[in-house]
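A.B. asks: Here it is, the structure in full.
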Amino acid sequence: MAKKEFTVTPYEAEGKIDYNKLIDEFGVERLNDAVLQRIKKHTKELHLFLRRKVFFAHRDINWLLDQYEKGNKFFLYTGRAPSGPVHIGHLLPWIFCKWLQDKFGAEMWFQFPDEEKFLFKQDLTFEDTNKWMNENMLDVIALGFDPKKTRFIIDTKHANIMYKEACKVAKKITFSTIKASFGFTDSNNIGSIFYTSMQAVPAFLPSVLKGKNIPCLIPLGIDQDIHFRISRDVMPKLGYYKPAIIHNVFLPPLTGIGGKMAASGANESSIWTTDSEKDVEKKIKKYAFSGGRKMFFEPDDKKLQRIHNDYKSGKMLTSELKEVLIEKINSFLKEHQKKREKAKSQVDKFVNWN
Ligand code: TYM
């Protein structure tokens, strides 16, 4: 059998990822102009992640907008499994969530499955995941989510309201489905087999708690799609809507063209949100393959086009391009780090809501 050119699962992203192939393989829909225009009707402008196709695919966005247009507002759901520091790639879906919260006045449910990486990584303890969760929460709060409209849902803390719902999901998913979907074998631990059902819960938990069906939109990196490919089919069987999903591409690692920037990756291949100006400068100068593809931090399309043209024509050197990138990332991080400090006094509001 020919070796696959690339792999994208929640636990591995490798090779040069062909997003067009993923669209077919995962059975998602391309985020085409018609859908973008429909979104724009409500938001008046398109976020740069939509203009630049950082978000490139979806499931059931048209259905979600039908509901919205009938006055049936949706909530947002996304998450982070704490196992290490946050890198600038993680921020892509979360920055977009914040924009959607503002534009649609949506409630945000942000899951911290603190047991996920505990179950999947041999050496990680609950003390570790707890420490990283406390750190990671600051990054999420720093993005400016409205504390009155945003709830953090922590699997071990909120187990009392989650577990029963997770069991209802788990009862409708067979071991053979999980094995085939994740490539698990008989030697995977039984906690990891159950995990998908915990990730499914926040997609309908607000409907359970409020006693009425509420549409849900999940922005996420495409590696997470599989959990919902499995659990979306279960939700109507429990009486809830299937959540709509919108998928982003990966910010690649600094050191190459394949895979994704990853928390488990080498220090030199990721830019952490806590990196100093010097760290960023060093990593980009020393390791970055080229700066071009990481320019999500330049909001001005015209400026970006100019940089692109100058670089292509040879007017701008790689070293100059890297300088622009260093400046962009450092000015973003400077602000982010200030907000991250302020976030420390706000955690309680996001966590203690029930
Ligand atoms: P986690 O913690 O691995 O990643 C958090 C989110 O970041 C996205 N992501 C990236 N996006 C762009 N470029 C990258 N290099 C990059 N690396 C990671 C991931 O796709 C994800 O959206 N099981 C989940 C946590 C979770 C979750 C959810 C995610 C719980 N509920 C609902 C999305 C939606 C996880 O391990 O994500």
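A.B. asks: Might you tell me the accessible area per residue for region 1-40, computed with a 1.4 Å probe and given in Å²?
C.D. replies: It amounts to 67 Å² per residue over region 1-40.
A.B. asks: On to the next question. Would you please give the FRET efficiency between LYS149 and GLU320, computed as 1/(1 + (r/R0)^6) with r the Cβ-Cβ distance and R0 = 56 Å, to the nearest 0.05?
C.D. replies: E(calc), rounded to 0.05, equals 0.85.
A.B. asks: Compute the Cα gyration tensor for region 267-341, then decide on rounded, prolate or oblate, letting a ≥ b ≥ c be the square roots of its eigenvalues: rounded whenever a/c is under 1.5, prolate when a/b is larger than b/c in the other cases, and oblate in all that remain.
C.D. replies: Since a/c reaches 1.5 but b/c is at least a/b, the shape of region 267-341 is classed as oblate.
A.B. asks: Continuing with this model, one more query. Could you tell me the distance between the Cα centroids of region 326-354 and region 163-190, to the nearest Å?
C.D. replies: About 35 Å separates the Cα centre of region 326-354 from the one of region 163-190.
A.B. asks: With both partners inside the chain, how many of the DSSP beta bridges are antiparallel, as a percent to the nearest 5?
C.D. replies: Bridges in the chain are about 40 percent antiparallel.
A.B. asks: Given contacts defined as C-alpha pairs under 8 Å and at least six residues apart, what's the relative contact order of region 6-252, whole-number percent?
C.D. replies: Dividing the mean separation by the residue count of region 6-252 yields 26 percent.
A.B. asks: Right, another one. As an exercise, identify the trypsin sites (Lys or Arg not before Pro) in region 1-31 lying in DSSP coil whose Cβ has no more than 11 other Cβ atoms within 10 Å.
C.D. replies: When the trypsin sites (Lys or Arg not before Pro) of region 1-31 are filtered for loop state and at most 11 Cβ neighbours within 10 Å, LYS3, LYS4, LYS16 remain.
A.B. asks: Could I ask something else about it? Amide H to amide H, which residues 5 or more places from GLN111 or on other chains are under 5 Å from it, using H placed in the peptide plane?
C.D. replies: Placed amide hydrogens put THR78, GLY79, ARG80, ILE153 under 5 Å from GLN111.
A.B. asks: GLN346 to SER313: FRET efficiency via 1/(1 + (r/R0)^6), r the Cβ-Cβ distance, R0 51 Å, to the nearest 0.05?
C.D. replies: Efficiency, from the Cβ-Cβ distance: 0.60.
A.B. asks: Carbon and sulfur together cover what percent of the accessible area of the chain at a 1.4 Å probe radius?
C.D. replies: 51 percent
A.B. asks: Keeping every protein chain present and rolling a 1.4 Å probe, give me the accessible area per residue for region 267-341 in Å².
C.D. replies: 59 Å²
A.B. asks: Return the loop-located GluC sites (Glu not before Pro) in region 19-124 (DSSP other than H, G, I, E, B) with at most 13 other Cβ atoms within 10 Å of their own Cβ; answer none if there are none.
C.D. replies: The qualifying sites are GLU45.
A.B. asks: Given 0.36 nm per residue, what is the gain on full extension from LYS53 to ARG306 after removing their alpha carbon distance, in nm?
C.D. replies: 89.2 nm
A.B. asks: Shape call for region 303-354 from the C-alpha gyration tensor, a ≥ b ≥ c root eigenvalues: rounded (a/c under 1.5), prolate (a/b greater than b/c) or oblate?
C.D. replies: Here region 303-354 falls in the prolate category.
A.B. asks: Say R0 is 41 Å: what FRET efficiency, to the nearest 0.05, do GLU327 and LYS70 get from their beta-carbon distance?
C.D. replies: 0.35
A.B. asks: Please give the peptides 224-236, 168-180 ranked by average Cβ packing (other Cβ atoms within 10 Å per residue), highest first, as a rough proxy for protection.
C.D. replies: 224-236, 168-180
A.B. asks: Ok, one more. From the helices alone, meaning DSSP H stretches of at least four residues, give me the mean residue ellipticity at 222 nm for the chain, per-run term -39500 (n - 2.57), in deg cm²/dmol to the nearest 500.
C.D. replies: Calculated mean residue ellipticity at 222 nm is -14000 deg cm²/dmol.
A.B. asks: If you place +1 on the Cβ of every Lys and Arg and -1 on the Cβ of every Asp and Glu, how big does the dipole about the Cα centre of the chain come out, in debye to the nearest 20?
C.D. replies: With Lys and Arg at +1 and Asp and Glu at -1, about 900 debye.
A.B. asks: Each residue of region 153-167 in turn: what ³J(HN,Hα) in whole Hz from Karplus with 6.51, -1.76, 1.60 and θ = phi - 60°, glycine and Pro shown as x?
C.D. replies: These are the phi-based 3J(HN,Hα) values: 10, 9, 4, 6, 6, 9, 4, 4, 9, 9, 4, 4, 5, 5, 5 Hz.
A.B. asks: At TYR11 and THR125, where each label point lies 7 Å from the Cα along Cα→Cβ, what is the point-to-point distance in nanometres?
C.D. replies: 2.3 nm
A.B. asks: Tell me which of PHE6, LEU65, TYR19 sits at the most positive position along the dipole axis of region 1-70, charges placed on C-beta atoms (Lys, Arg +1; Asp, Glu -1).
C.D. replies: Going by the charge dipole, the pick is LEU65.
A.B. asks: Along the Cα-to-Cβ line of ASN188, 7 Å from the Cα, sits a label point; which residues in region 5-38 have backbone N less than 16 Å from it?
C.D. replies: Label zone hits: 8-13.
A.B. asks: Excluding ligands, DNA and RNA, what is the solvent-accessible area per residue of region 80-211 at a probe of 1.4 Å, expressed in Å²?
C.D. replies: 40 Å²
A.B. asks: Also: So if I place +1 on the C-beta of Lys and Arg and -1 on the C-beta of Asp and Glu, and nothing else carries charge, what would the dipole magnitude of region 201-354 be about its Cα centre? I want it in debye, nearest 20.
C.D. replies: 300 debye
A.B. asks: Right, next: Taking a ≥ b ≥ c as the square roots of the eigenvalues of the Cα gyration tensor of the chain, is the shape rounded (a/c under 1.5), prolate (a/b larger than b/c) or oblate?
C.D. replies: Taking the square roots of the gyration eigenvalues as a ≥ b ≥ c, the chain is rounded.
A.B. asks: Same structure, new question: Just how far, in whole angstrom, is region 101-150 from region 1-57 if you go by their alpha carbon centroids?
C.D. replies: Going from one Cα centre to the other spans 23 Å.
A.B. asks: Moving on to the next point. Given labels modelled 7 Å from the Cα in the Cβ direction, how far is it in nm from THR177 to ALA159?
C.D. replies: 2.4 nm
A.B. asks: Nearest 10 degrees, 0 to 90: what angle lies between the long axis of helix 190-200 and the longest principal axis of the chain (Cα atoms)?
C.D. replies: In the chain, helix 190-200 runs at an angle near 80 degrees to the longest axis.
A.B. asks: Something else: Which one, PHE112, ASN130, ILE153, projects farthest toward the positive side of the charge dipole computed for region 111-158 from Cβ point charges (K/R +1, D/E -1)?
C.D. replies: Of the listed residues, the answer is ILE153.
The values are calculated or read from the model by the stated rules, or taken from the named source; none is laboratory data. Fair warning: this is a prediction, and the values are worked out from it, not measured in the lab. A quick note on method: Cβ atoms are made from the backbone with ideal geometry, for glycine too, and the neighbour counts reach across all protein chains shown. For accessibility, only protein heavy atoms count, side chains too; no ligands or nucleic acids. Shrake-Rupley method; radii C 1.70, N 1.55, O 1.52, S 1.80 Å.
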